[in-house]
Amino acid sequence: MKNISILIIEDEQRLLDRLVKYLSMFSDTVFQASNGEEALSLYRKHQPDIILTDIGMPKLSGVELIQKIRKTDKKTQLIVLSGQTNTDDFLKLVPLNLVSYLVKPIKIEQLKEVILQAIDNISDDNYIKLNNSYIWDIDKKHLLQEEKKIELTSYENAFLEILILRINENVSYEDIHSHIYSIEDYSQNALFTIAKRVRKKTTKDFVKSSFKYGYIINSE
């Protein structure tokens, strides 16, 4: 959890200090802002994984801040803190994919549950669960089993990547070859060799053959 970054925006300094201290239990990187414009600047500079924002803030409201973020960013986990349940604000925020809308005073257990949910959402975004308990790390392009990295060559990694990009789909030998080798002459034997090596490092049925067509990897 510690490698996740959090931005907290709150214009009441005492509450901001308390929230920063509490959120530091979940992350070593906690940014703080006391108004919407400062928050937007920090967001653009650091791209935090999770944002907690008050609604009623000077210079730029929480609603306006979230609307700006969601124009280009569908991934950041957004949590709203509000001193009141304003129906107009709530309706504007509903389609913007919030983790939660918390009404002050905030209960610690409630906040903890929401933060853990946001972290789970991030974990789901970064990993693809495959058959036989294998996991593909999207950012690092690593194959894992029980959190242990499977050591692969660049060709083996590229072979798996194209199958995982088209998971649950039969991928032709030609498409796989183009993804791995780009402009080199087509060689089905080269693919057979890579598939054989990958199977030795995983389980026999992790990569399945599509008879006389190509290969497929299935999700969990």
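The values are calculated or read from the model by the stated rules, or taken from the named source; none is laboratory data. Keep in mind the model is a prediction, meaning the values are calculated, not measured. Heads up, the Cβs are rebuilt from the backbone with ideal geometry, glycines too, and the neighbour counts pull from every protein chain shown.
Scanning the range 1-25 for residues that are out of contact with any strand residue (DSSP E or B) (no Cβ under 7 Å at 6 or more places or on another chain) and hydrophobic (A, V, I, L, M, F, W, C) returns M1, L15, M25.
Answer yes if at least one residue in the range 126-141 is aromatic (F, W, Y) and closer than 17 Å to Y213 by Cα, and no otherwise.
No, every residue in the range 126-141 fails to be aromatic (F, W, Y) and closer than 17 Å to Y213 by Cα.
If you go through the range 37-60 and keep only what is crowded, with 18+ Cβ neighbours inside 10 Å and polar (S, T, N, Q), you end up with just T53. In the range 2-40, what residues are under 15 Å from T76 (Cβ atoms) and among the small types (G, A, S)? Matches in the range 2-40: S5, S27, A33, A39. With respect to (1) over 15 Å from K129 (Cα atoms); (2) touching a Lys or Arg at 6+ places or on another chain (Cβ under 6 Å), the lone exception for G214 is condition (2). Exactly one residue out of I115, I122 is under 20 Å from S24 (Cβ atoms), at pLDDT below 85 and either out of contact with any Cys (no Cβ under 6 Å at 6 or more places or on another chain) or not hydrophobic (A, V, I, L, M, F, W, C) (or both): that is I122.
Being hydrophobic (A, V, I, L, M, F, W, C) and at pLDDT 90 or above is the filter here, so list the residues in the range 30-59 that pass it. Those that are hydrophobic (A, V, I, L, M, F, W, C) and at pLDDT 90 or above: V30, F31, A33, A39, L40, L42, I50, I51, L52.
In this structure, L16 does not satisfy being modelled with pLDDT of 95 or more and assigned by TED's automatic domain parsing to the domain that holds N121.
If only one of D54, D73 is closer than 29 Å to D139 by Cβ and acidic (D, E), which one is it? Going through D54, D73 in turn, just one is closer than 29 Å to D139 by Cβ and acidic (D, E): D73.
The residues listed here are K21, K75, K68; of these, the one that is in a helix (DSSP H, G or I), surrounded by fewer than 18 Cβ atoms within 10 Å (Cβ to Cβ) and under 20 Å from the mean Cα position of the chain (by Cα) is K68. Comparison of I9, I50 shows that the only residue that is assigned by TED's automatic domain parsing to the domain that holds V99, in contact (Cβ under 8 Å) with a residue 60 or more places away in the chain and among the β-branched types (V, I, T) is I50.
Within the range 202-220, the set of residues being exposed (fewer than 14 other Cβ atoms within 10 Å of the Cβ) and either among the aliphatic types (A, V, I, L, M) or under 16 Å from L152 (Cβ atoms) (or both) comprises just one member, T203. If you filter the range 28-65 down to residues that are part of a loop (DSSP other than H, G, I, E, B) and touching a strand residue (DSSP E or B) at 6+ places or on another chain (Cβ under 7 Å), you find that the one that is nearest to V103 (Cα to Cα) is I55.
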